[in-house]
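Data block below; observations after.
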Amino acid sequence: MTRRFPALYLSAFLSLGVLGQGQAQTAPPPTPTPPTLQQTSTSPAQVQTTLFALSDVLALLRGSPGWQSADLTYRAAQLALASARTRAGLSLGVGADSNLTKVPWDTGEWLGSATLNVSAALNVLPWSPAREAVRSAERALAAAAVDLRNSRATLTIQAVQAFAGARSAVTALALTDAQLALSIRLRAVADGQRAQNLITAEAVLERQSALESVQAAREKAARGVNLAAAQLTRVLGRPLTLPTDLSGFGTLPNLTPSGDLNTLLSRALSARPEIAKAEGALADALAALADAQRNARLPDLTAGVRAGQLSDARGNAGRTVSGSLNSRTGVLGVQVSLPLKDTGDIPSGVALSLSGTYTLLGGAAAGELAQASQGVQQAQLGLSTARQGVDLDVRTRLSDYQDEVGGLTSLGTALIRAQTALDSARARVDAGLATALDVDQAALGVTQAQNAVEAQGAAVELAALQLLQATGELDPALLGQMPALPTPTAPPADFQPAPAPTPSSPEPTPPTPAPGGQP
């Protein structure tokens, strides 16, 4: 009797639909019915939305906190550049000064005067700190644009992983439900066999233990579904209830990275945020070194000119125009002074001035130059380290992708072999050379091979996503429906963070798909 237990177990398991699944492998899959998911917002009202494909997940991703945070980070770099350009541009100011004099002290009279001053300043020399700050902010904005693409790509990978995890969790729960129904039936069969004294009490306990194990697996699978929903909630920033059937999900994206290793490395070195940040840091360090060298060689010179009613007998000036230019700051300043009352007949004239200082001993020029030189060396080492890290990352991701593709090829062959074995078993049954049990066993092999192919296919697509992110191609591959990023050197003034999509106002999809495939 105990030898018949595996056959009974297998027959009962296949009677629940495993055989039907194996026989339907060659038929096209049914059209998935879009499930209804309950989307809960922070408001008391609940919004119903349909979520059946990865494109819907990516649309919801645009309203996630992580996505908007990346947009705000880029916006901050835009504002920093605008602020730097404002400080480097023309500045105007208006002021006033007044004085009250008495000369001589014992017999003189109190005389007052007030003057209105209008001043303007402009950074005219290319090495002025304000203009260098603009160039630094432009480099920072370019790095922020690359970082924005990388942040979006990282969030996209998280969304795809969460989507794939949800599919896997729902599939696992469905399988454990079938196994639980089978175990319950086998436990009932065991009770009947024990009542007829056909099996031992140990066999009944063995089936009871199997039932309890399946029950525990079912509870674990249910918790897995809850965890998958929580993962989607974390990525999208809104709670979602997953479909209860795998047909409610769409498929994973079909992406095929192209290019050899050298091409992938070239793309990565031009698109990775680590490289952009390291190159920006090196440019800043070189600019600081040039400024330190200039300060160490050149004296601090200020040239000035002053024309108009320079001074009366009491030292009060009348209407004057003055200008100055400093060699280090590069600022050209112009000031117009207009007395608010008549200052009398003051002769007009012009005064030229030139002043300069040069440190002969002490000072911080030597230390600043040494520090700037060390900063350049550190920035060069940082850039070299970033390039080595990107090189290793691309090689690792490419190797992982090739490994997964190789595994998929072998599993595809195993599926063909299992299907061939099933066809052969059916032919032997028709010829009277085999039993239905042989067909059931072959069908189970087809089902197992199909599940292995689907799991490996998901692993291949996730590895492709990781490779595309490593080479900087994930943004055009998966985010084609998103608006193009602004050009870093000329950011638009109307760039705003992406608003959260609503079911009543879906975002349009561009007519031209992005290269690399679309989900």
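The values are calculated or read from the model by the stated rules, or taken from the named source; none is laboratory data. Small disclaimer: the values here were computed from a predicted structure and weren't measured. Cβ placement follows ideal geometry from the backbone for every residue including glycine, while neighbour counts extend to all protein chains displayed. Only protein heavy atoms, including side chains, enter the accessible area calculation; ligands, DNA and RNA are left aside. Shrake-Rupley method; radii C 1.70, N 1.55, O 1.52, S 1.80 Å.
Selection among 124, 86, 148 by position relative to the dipole of the stretch 69-188 gives 148 as farthest towards the positive end (Cβ unit charges, Cα centre). Diffusion of the stretch 262-330 by Stokes-Einstein, at 20 °C in a medium of 1.002 mPa s and with Rh set to the Kirkwood radius over alpha-carbon pairs, works out to 126 µm²/s. The solvent-accessible area of residue 358, taken with every protein chain present and a 1.4 Å probe, is close to 120 Å². The Cα center of the stretch 65-85 and the Cα center of the stretch 94-116 differ in position by 51 Å. Shape analysis of the stretch 142-290 places it in the prolate category; the axes a ≥ b ≥ c from the Cα gyration tensor give an a/c of at least 1.5, with a/b above b/c. A straight Cα-to-Cα reach below 19 Å connects residue 102 with the lysines 341, residues fewer than 8 places away in its own chain not being considered.
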